[in-house]
Amino acid sequence: MRKKIIYLDYASTTPIDSEVLKEMLPYLKEKYGNPSSVHFLGEEAKLATDNARKKVADVLNCLSEEIIFTGSATEADNLAIKGVIENCKLSRFHRGLTTKSEQIENCHIITSMIEHHAVLEPIKALEKQGVEVTYLPVNKSGIINISNLVKAIEENTVLVSIMYVNNEIGAIQPLKQIGELLQEINELRKKSGVQKIYFHSDAVQAVNYLDCDVKKLGVDFLTLSGHKIYGPKGVGMLYIKKGTPISPQVLGGGQEAAVRSGTENVAGIVGLEAAIEKVKSQKLKVKSIEKLRNKLISGIIKTIPDVQLNSSIKNSLPNIANFSFKGAEGEAIVLALDQKGICVSTGSACSSRSLEPSHVLLALGLAEEEAHSSVRFSLGRYTTSREIDYVLKILPGVVERLRKISGYSAR
């Protein structure tokens, strides 16, 4: 029989908050109307989505019409990236600036080497179609250099997509500085009649801990997800700054201001709103989570030789710690801990079943062998000191046993 689960994989998903679930339940049972219907049940559902949109907008300090609900953060990322590039292509063609075959070659995207696959994959797909892409390197802490971004900007640059926080190592990017820089550049470009550079950020990991005021950050697009903030899976959202041109990626009945068609997930949207509202009241727990994270880091370093911390304590979220355990496979550590009731991961949950080494850790300068030996611990709202004590009791023996099997001799 499995022991009580110790969950240290909050960066992959979070348990739904009981109060959030309570808010959702009526829209899964008696308030089941379609927001597009004109009868009472439909109007009731529409009112719920409108209220949720307004409350989410209040948290992000934007207009309610700037919030578009989606089926996931991945969909929101794709909508922002592909939507702005396709619109740019169309507008250039219709203004007669390019021939149809040249449309796509006239677009340039700047992103980082450590983005989530939800950003990298649509960008790579566009790159195959001819879009020019610059992948910015990061330092050992996973942070881009602003000067490299400046050097990468070309006259045909139309989009910069930089994640707010990295999901594997917790690195926090200087988003506000990037926003201010792009604003200055765009003011000069406007005077010269040059295409504006739009700014997108995947802020999925940031909302629990950082200020996501879109005006302060200077973004044109911001992506969020319900299940990373103790809300439901299957719902995300995209902030789109008013007046920003974008081509829809899902066509149909014209829901969500005709930007994202499809019957709205009313219960999910209500859950997302309830979760993001509750985040505000949970900010005081950040220090306690950080204290537990630091206890885990110091405990692992003290008890296990030949271990490398891949997360920066200063420039990262207070809940993520990524380690490389030399001589032990990360996947084997995860499975061994799972047998003891401890849930952790080797990196992004979206690609943890892949045999490829983490592109994030390789970008930090780690060798493939070091990347394969990595494990991510991510704490959350319900993590306790006793749970950390148990992990520190079990982990050293797991690593020692796996090293003996591989023939590795620790110093």
* To do: Kindly list the number of the only condition in (1) part of a helix (DSSP H, G or I); (2) not assigned by TED's automatic domain parsing to the domain that holds Val165 that fails for Ile269.
  => (2)
* What are the residue pairs meeting all of these: first residue in region 291-312, first residue surrounded by 14 or more Cβ atoms within 10 Å (Cβ to Cβ), second residue of a type in the set (Lys, Arg) and not in a helix (DSSP H, G or I), Cβ atoms under 7 Å, and 6 or more apart or on different chains? -> Pro305/Arg411; Asp306/Lys326; Asp306/Arg411
* To do: Search region 260-290 for residues being among the β-branched types (Val, Ile, Thr) and more than 21 Å from the chain's Cα centre (by Cα), and hand back the single one that is nearest to Thr244 (Cα to Cα).
  => Thr263
* Asked: Among the candidates Asn186, Asn166, which residue alone is modelled with pLDDT of 95 or more and either outside the structural domain of Ile81 (by TED's automatic domain parsing) or within 22 Å of Cys107 (Cβ to Cβ) (or both)?
  -> Asn186
* Asked: Do any residues in region 107-122 that are assigned by TED's automatic domain parsing to the domain that holds Gln205 have Cβ atoms under 9 Å from those of residues that are basic (Lys, Arg), where the two are at least six apart or on different chains, and which pairs are they?
  -> Cys107/Lys89; Cys107/Arg92; Pro122/Lys82
* Right, Gly179: out of contact with any Cys (no Cβ under 8 Å at 6 or more places or on another chain), of a type outside the set (D, E, K, R), closer than 25 Å to Val375 by Cβ and modelled with pLDDT of 95 or more or not? -> no
* Asked: Considering Thr49, Thr14, Thr74, Thr98, which residue is more than 30 Å from Ile289 (Cα to Cα) and at pLDDT 95 or above?
  -> Thr49
* Asked: Restricting attention to region 28-42, does a residue exist that is surrounded by 17 or more Cβ atoms within 10 Å (Cβ to Cβ), in the same structural domain as Val160 (by TED's automatic domain parsing), among the aliphatic types (A, V, I, L, M) and part of a helix (DSSP H, G or I)?
  -> no
* Among (1) at pLDDT below 95; (2) crowded, with 16+ Cβ neighbours inside 10 Å; (3) not β-branched (Val, Ile, Thr), where does Ser345 come up short? -> (1)
* Structure fact -> Going through region 213-245 in order, the residues found to be under 18 Å from Asn186 (Cα atoms) and assigned to a loop (DSSP other than H, G, I, E, B) are Gly218, Val219, Asp220, Lys241, Lys242, Gly243, Thr244, Pro245
* Here are some residues: Glu331, Glu356. Which one is in a loop (DSSP other than H, G, I, E, B) and closer than 22 Å to Ser406 by Cα? -> Glu356
* Leu296: at pLDDT below 95 and not in a loop (DSSP other than H, G, I, E, B), yes or no? -> no
* **Failed item, numbered, when Lys151 is tested on (1) modelled with pLDDT of 95 or more; (2) within 28 Å of Met237 (Cβ to Cβ); (3) more than 24 Å from the chain's Cα centre (by Cα)** => (2)
* Can you tell me which residues in region 52-71 are touching a Phe, Trp or Tyr at 6+ places or on another chain (Cβ under 8 Å) and either at pLDDT below 95 or of a type in the set (D, E, K, R) (or both)? -> Arg53, Glu66
* Residues that are in contact with a strand residue (DSSP E or B) (Cβ under 6 Å, 6 or more places away or on another chain), surrounded by fewer than 18 Cβ atoms within 10 Å (Cβ to Cβ) and either assigned to a loop (DSSP other than H, G, I, E, B) or not assigned by TED's automatic domain parsing to the domain that holds Leu238 (or both), drawn from region 142-163 -> Glu154, Asn156
* Can you find a residue in region 185-203 that is crowded, with 24+ Cβ neighbours inside 10 Å and in a loop (DSSP other than H, G, I, E, B)? -> yes
* Among all residue pairs at least 6 apart or on different chains, which show Cβ distances below 9 Å where the first residue, located in region 14-27, is in contact (Cβ under 8 Å) with a residue 60 or more places away in the chain and part of a loop (DSSP other than H, G, I, E, B) and the second is among the polar types (S, T, N, Q) and surrounded by 15 or more Cβ atoms within 10 Å (Cβ to Cβ)? -> Thr14/Asn208
* Structure fact -> When (1) surrounded by 14 or more Cβ atoms within 10 Å (Cβ to Cβ); (2) of a type outside the set (Ser, Thr, Tyr); (3) at pLDDT 95 or above; (4) not in a helix (DSSP H, G or I) are applied to Gly252, the one that fails is (1)
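The values are calculated or read from the model by the stated rules, or taken from the named source; none is laboratory data. Model, not experiment: these values are computed from the prediction. Cβ: placed from backbone, ideal geometry, glycine included. Neighbour counts: every protein chain shown.
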